[in-house]
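Have a look at the structure below, then the notes.
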Amino acid sequence: MWAVDLFADRDLARVAKCVVCPADVYPDAIPALASQFPPGPVLYTGGLENHPRVVAELAAQRELWGNTPDVLERVRDPFVLFPTLADAGFTVPRLVPRGAPCPTEGRWLRKPLLSGGGRGIRFARPGEAASAHHYFQEFIDGAPMSAQFVSDPTAAHPWETTALNGITEQLLGEPWLHAAPFAYCGNIGPVELPQLLAATLWTSGLRLNQTVAMRGLWGLDFVLQGETVYPVEVNPRYTAAIEVLELSWHVSLLWTHCRCFTSSHALAKYKSWQRWDAPVGKAVYYAPYDFRFPAAGPWDADLTSPFDPWRVPDFADIPEAGAAIARGHPVLTFFATGSTPTEVRERLQSRAAELDRLFTEAQP
């Protein structure tokens, strides 16, 4: 396996041959960097869906195991996506028309058109002028969640083309992780929704994809307010939330994704996993100040233990010793398990406090 990555962290380098894409040439340099790898299919993950041109360049070189640029344009433009979500049966937040200022009544978010990880999202100022690179979306107060789907257009029957894998809670803008407001901080799951609500979510997701035609794994971020699902974003690829489902169920959803591009009727024997041993949580720790990553720490065991894809790691995305990390930037990811999502969250918070002490003590 080969990977182009912004960081090429040490744990990734254990399982793949990595090449770093410097931030100042991301994402334009990715196709050229990938061209040095042996022939084979290409699969993209977080953020690249905002750059259909780059995806098109990759698809010109290799078989693409992901959604094509025309699909990305349908699901990443909020002014195209949100009417489609409404037609599929979802209750959607209001959008301010292109070029119009933010209303003076109500609470609104200013969101980048090229969004990713919650970066650049903030509350809009009443009457704030429009921007060519942002849009205004109604703020919905509720629990941030994420639904994970898989779709295969070759299924024999229309209702078999999309399956709902599972639901996770989202961690966003958590102060105990030193994250900026609205920044993505992790997921906890699986979590159960009332049966009727889950069925309605699947039905609306199915209808959505009959229009936008995504293939393979994809995610729908939403806010749950009471028993109403308010979708806020579609991620047309393997998402960060899928990892916690895979670790909880000991099943490779990525394998199912790949089969959607290599087999006909890939979902014919698909199994929806509704029970699990224990929920899993992952959290992204952000730097509370500028510092250099310590030479040693509790993450060392994850770098020396034999690789086991079903072992819930303690840490991941582990930087090189001595790496300079700026305040507000992600440092590493850590995990926890528990008997309930609430217990998982408490254990994640406890581990974050331990990291606070460790990084403070490690500073010169």
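Read-outs: derived from the displayed coordinates by stated rules, not from any lab. Keep in mind that this is a model prediction, so the values were computed, not measured. Positions of Cβ are generated from backbone atoms using ideal geometry, with glycine treated the same way; all protein chains shown enter the neighbour counts.
Points worth noting:
- Cα-based shape type of the chain, given that a ≥ b ≥ c are square roots of the gyration tensor eigenvalues and the cut on a/c is 1.5: rounded
- Per-residue HN-Hα couplings for region 46-59 [Karplus 6.51, -1.76, 1.60; θ = phi - 60°; Hz; x = Gly/Pro]: x, x, 6, 5, 7, 10, x, 4, 5, 4, 5, 5, 5, 5
- Surrounding net charge for residue 76, when Lys and Arg each add one and Asp and Glu each subtract one, Cβ distance under 14 Å: -2
- Counted charge near residue 285, where neighbours are those whose Cβ lies closer than 11 Å (Asp, Glu -1; Lys, Arg +1): -2
- A helix-only calculation puts the chain at -8500 deg cm²/dmol for mean residue ellipticity at 222 nm, using -39500 (n - 2.57) for each DSSP H run of at least four residues, averaged over all residues.
- Region 141-277: antiparallel DSSP beta bridges as a percent of all, rounded to 5: 100
- Per residue, the average separation of C-alpha pairs within less than 8 Å and at least 6 apart gives the chain a relative contact order of 15 percent.
- Backbone amide hydrogens, once placed in the peptide plane, bring residue 16 within less than 5 Å of nothing, excluding anything fewer than 5 places away on its chain.
- Amide H contacts for residue 166 (H built 1.01 Å from N in the peptide plane; partners 5 or more residues away or on another chain; cut-off under 5 Å): 148.
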